[in-house]
Amino acid sequence: MLTVESLKKSYDDTAGRASGRRSDAGTRVFAVGGVDFEVHDGELFTLLGPSGCGKTTTLRSVAGLERPTEGRVTLGGRVLFDSKHGVNMRANQRGLGMVFQSYAIWPHMSVFKNVSFPLEVMPRAKRPGRKEIEDRVRQVLEVTELGAYAARAATKLSGGQQQRLALARALVTRPELMLLDEPLSNLDAKLRETMRFELKRLQRELNLTAIYVTHDQSEALVMSNRIAVMNQGRIEQIGKPREIYTKPATRFVAEFIGTSNFIEAKVVSVSGGEVQVDAAQGRLVAHGVEAAPAVGDTVLISIRPECVDLSRERRGDVPNEWSGTVLTRAFMGDVVDHIVGVGDLEVRNRSNPNLSIPPGTEVHFSVAPDKVTLVPVD
């Protein structure tokens, strides 16, 4: 549905040339340094990354709120932007719905008027009749569970209700594509968790196509059909949430999405999808390696803490078993984290709270070969 090709956005670098994202001439900083992706019909596609990675600039470029320096953006059969052919459709002509971080609801209007206003200000040739406007507003208010608050002042709504109001206002125009710029970041933690599932429900029920921008890894994993992880103006990896989490393509992705144990090792054997590596602390076997390295290559091993199986007793019949000493533990409610020392290496384990081993205890831990991920060395 949406295609973004070779998108770049640069700014004149008048003050901060130490940013590391200068052009060859050294006079411009690229906030977005060449981004390519597609968003499929009915998909919630998330741009995920830390502050300053270029995700919001990319979204605003799709919306028409920023003019890219280079690239091409198409939606269906329409060209929204093309730097080579001088095409730059105005934001109000693109027919996109957008929900901002601040919601931007109109405080002097009722809930009903907030939602009806985008229809009422349409050009006369496209503006629906009064009856159709009322019907469409009532429909989206019911879908967003705000029907009972139609006459209420917008400022009298709770934070979660205001977020849904901003969404209803964008939905009423029936846009081809929804753009959501960190819409949950102003909510408290508990409400934010509830609204993740609420937004996902609406997206599925209405078959919405949407681009969602966030820096919250949990939010992206819960809500997305696919995720694009961005870093310094570029996309490091695109994939389904489980794929991004279990098979990170780079060290940045492995570090940014959740928590990982990193171990540097050298490849000693490659056989089909099985790779054996030697680290300073011992040997590890990895299964299901898609892009196998060559013997002698140095690789970075990534192991998620929940994949480290901790035991007081040595089992001996399990692969990838190492011994160490518990250095510290932390009770976190639903899990307990143990830090295990193996020589000068510290390995984090995440376990059920029923397992809590005091510091100083000699332990043994193992990792299933299919949970050992090889990450290219940067």
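If T69 satisfies every condition in (1) buried (at least 21 other Cβ atoms within 10 Å of the Cβ); (2) in contact with a Lys or Arg (Cβ under 7 Å, 6 or more places away or on another chain) but one, which is the exception?
Only one criterion is unmet by T69, namely (1).
Which one of these does F81 not meet: (1) touching a residue at least 12 places away in the same chain (Cβ under 8 Å); (2) in a helix (DSSP H, G or I)?
(2)
Yes or no: segment 164-183 includes at least one residue that is farther than 30 Å from G129 by Cα, part of a strand (DSSP E or B) and touching a strand residue (DSSP E or B) at 6+ places or on another chain (Cβ under 9 Å). Quick ask: steps written out before the conclusion?
First, pick out the residues of segment 164-183 that are farther than 30 Å from G129 by Cα: 181-183.
Filter once more, keeping what is part of a strand (DSSP E or B): 181.
Filter again for touching a strand residue (DSSP E or B) at 6+ places or on another chain (Cβ under 9 Å), leaving 181.
The answer is yes; a qualifying residue exists.
Got at least one residue in segment 276-291 being out of contact with any Leu (no Cβ under 9 Å at 6 or more places or on another chain) and of a type in the set (S, T, N, Q)?
Of the residues in segment 276-291, the ones out of contact with any Leu (no Cβ under 9 Å at 6 or more places or on another chain) are 282-285, 287-288, 290.
Of the ones still in play, those that are also of a type in the set (S, T, N, Q) are none.
No, segment 276-291 contains no residue that is out of contact with any Leu (no Cβ under 9 Å at 6 or more places or on another chain) and of a type in the set (S, T, N, Q).
Could you look through segment 196-210, keep only residues that are aliphatic (A, V, I, L, M) and in a helix (DSSP H, G or I), and pick out the one that is farthest from the chain's Cα centre (by Cα)? Show your work before the answer.
Restricting attention to segment 196-210, the residues satisfying the condition of being aliphatic (A, V, I, L, M) are 199, 202, 206, 208, 210.
Pick out the ones that are also in a helix (DSSP H, G or I) and you get 199, 202.
Values: L199: 15, L202: 19 Å.
So, considering only residues that are aliphatic (A, V, I, L, M) and in a helix (DSSP H, G or I), the one farthest from the chain's Cα centre (by Cα) is L202.
For R242, state whether it is at negative phi and either outside any helix (DSSP H, G or I) or at pLDDT below 90 (or both). Even if it seems obvious, please write down each step before you answer.
Values: at negative phi: yes; either outside any helix (DSSP H, G or I) or at pLDDT below 90 (or both): no.
Against the criterion (at negative phi and either outside any helix (DSSP H, G or I) or at pLDDT below 90 (or both)), R242 does not qualify.
Is it true that L180 is surrounded by 21 or more Cβ atoms within 10 Å (Cβ to Cβ) and either touching a Leu at 6+ places or on another chain (Cβ under 9 Å) or not assigned by TED's automatic domain parsing to the domain that holds I105 (or both)?
yes
Please find, within segment 338-357, the residue that is farthest from T246 (Cα to Cα) out of those that are at pLDDT 95 or above and surrounded by fewer than 16 Cβ atoms within 10 Å (Cβ to Cβ).
Checked segment 338-357; the qualifying residue farthest from T246 (Cα to Cα) is G341.
Could you count how many residues in segment 120-159 are in contact with an Asp or Glu (Cβ under 8 Å, 6 or more places away or on another chain) and either at pLDDT 90 or above or not aliphatic (A, V, I, L, M) (or both)?
Restricting attention to segment 120-159, the residues satisfying the condition of being in contact with an Asp or Glu (Cβ under 8 Å, 6 or more places away or on another chain) are 127, 133, 143, 159.
Narrowing further to those that are either at pLDDT 90 or above or not aliphatic (A, V, I, L, M) (or both): 127, 133, 159.
Selection size over segment 120-159: 3.
For segment 245-265, which positions are part of a strand (DSSP E or B) and not polar (S, T, N, Q)?
Filtering segment 245-265 down to residues part of a strand (DSSP E or B) leaves 261-265.
F262, I263, E264, A265, listed by residue number.
Enumerate the pairs (first residue in segment 92-106 and in the same structural domain as D188 (by TED's automatic domain parsing) and surrounded by 18 or more Cβ atoms within 10 Å (Cβ to Cβ); second residue anywhere and assigned to a strand (DSSP E or B) and at pLDDT 90 or above) with beta-carbon separation below 6 Å, excluding pairs fewer than 6 apart on the same chain, so at least 6 apart or on different chains.
R94/L80; L96/L179; G97/M178; M98/L179; V99/L180
When segment 292-345 is examined, which residues are found to be over 34 Å from the mean Cα position of the chain (by Cα), charged (D, E, K, R) and either more than 16 Å from V367 (Cβ to Cβ) or part of a strand (DSSP E or B) (or both)?
R312, E313
Would segment 192-212 turn up any residue that is closer than 25 Å to T259 by Cβ, buried (at least 23 other Cβ atoms within 10 Å of the Cβ) and among the small types (G, A, S)? Break it down into steps so the answer makes sense when it comes.
Start the filter on segment 192-212 by keeping residues that are closer than 25 Å to T259 by Cβ, which leaves 192-197, 200, 212.
This time we only want the ones that are buried (at least 23 other Cβ atoms within 10 Å of the Cβ), so: 212.
Retained after the next criterion (residues that are among the small types (G, A, S)): none.
Among the residues of segment 192-212, not one is closer than 25 Å to T259 by Cβ, buried (at least 23 other Cβ atoms within 10 Å of the Cβ) and among the small types (G, A, S), which makes the answer no.
Pick out the one residue from A280, A294 that is of a type in the set (A, V, I, L, M), over 22 Å from E255 (Cβ atoms) and loosely packed, with under 13 Cβ neighbours inside 10 Å. Can you show your working first?
On the way: A280 fails: over 22 Å from E255 (Cβ atoms).
Only one candidate qualifies: A294.
Sort out which residues of segment 346-375 are under 16 Å from V277 (Cβ atoms), out of contact with any helix residue (DSSP H, G or I) (no Cβ under 6 Å at 6 or more places or on another chain), part of a strand (DSSP E or B) and β-branched (V, I, T), and write them in order of number. Before the answer, list the steps.
Initially, segment 346-375 is screened for residues under 16 Å from V277 (Cβ atoms), giving 347, 366-375.
Then keep just the ones that are out of contact with any helix residue (DSSP H, G or I) (no Cβ under 6 Å at 6 or more places or on another chain); that gives 347, 366, 368-370, 372-374.
Among the residues that remain, those that are also part of a strand (DSSP E or B) are: 347, 366, 373-374.
If the condition is that a residue be under 16 Å from V277 (Cβ atoms), out of contact with any helix residue (DSSP H, G or I) (no Cβ under 6 Å at 6 or more places or on another chain), part of a strand (DSSP E or B) and β-branched (V, I, T), then V347, T373 are the ones that fit.
It is to be established whether one or more residues within segment 258-270 are surrounded by fewer than 14 Cβ atoms within 10 Å (Cβ to Cβ), modelled with pLDDT of 95 or more and under 30 Å from the mean Cα position of the chain (by Cα).
Looking through segment 258-270, none of the residues is surrounded by fewer than 14 Cβ atoms within 10 Å (Cβ to Cβ), modelled with pLDDT of 95 or more and under 30 Å from the mean Cα position of the chain (by Cα).
Scan A254, A228, A220 and give me the residue that is surrounded by 19 or more Cβ atoms within 10 Å (Cβ to Cβ), farther than 19 Å from V372 by Cα, hydrophobic (A, V, I, L, M, F, W, C) and modelled with pLDDT under 95.
A220
E362 fails exactly one of the following numbered conditions: (1) at pLDDT 95 or above; (2) in contact with a Lys or Arg (Cβ under 7 Å, 6 or more places away or on another chain); (3) loosely packed, with under 14 Cβ neighbours inside 10 Å; (4) not β-branched (V, I, T). What is the number of that condition?
(2)
Kindly check whether there is at least one residue in segment 133-152 that is on the phi > 0 side of the Ramachandran plot, surrounded by fewer than 19 Cβ atoms within 10 Å (Cβ to Cβ) and in the same structural domain as I227 (by TED's automatic domain parsing). Spell out the reasoning first.
Taking segment 133-152 and keeping what is on the phi > 0 side of the Ramachandran plot, we get 145.
Now narrow it down to the ones that are surrounded by fewer than 19 Cβ atoms within 10 Å (Cβ to Cβ): 145.
Adding the requirement that they be in the same structural domain as I227 (by TED's automatic domain parsing) leaves 145.
Yes, some residue in segment 133-152 is on the phi > 0 side of the Ramachandran plot, surrounded by fewer than 19 Cβ atoms within 10 Å (Cβ to Cβ) and in the same structural domain as I227 (by TED's automatic domain parsing).
The values are calculated or read from the model by the stated rules, or taken from the named source; none is laboratory data. On a predicted model such as this, the values are computed, not experimentally measured, just so you know. Neighbour counts are summed over all protein chains in view; Cβ atoms, including those assigned to glycine, are modelled from backbone coordinates with ideal geometry.
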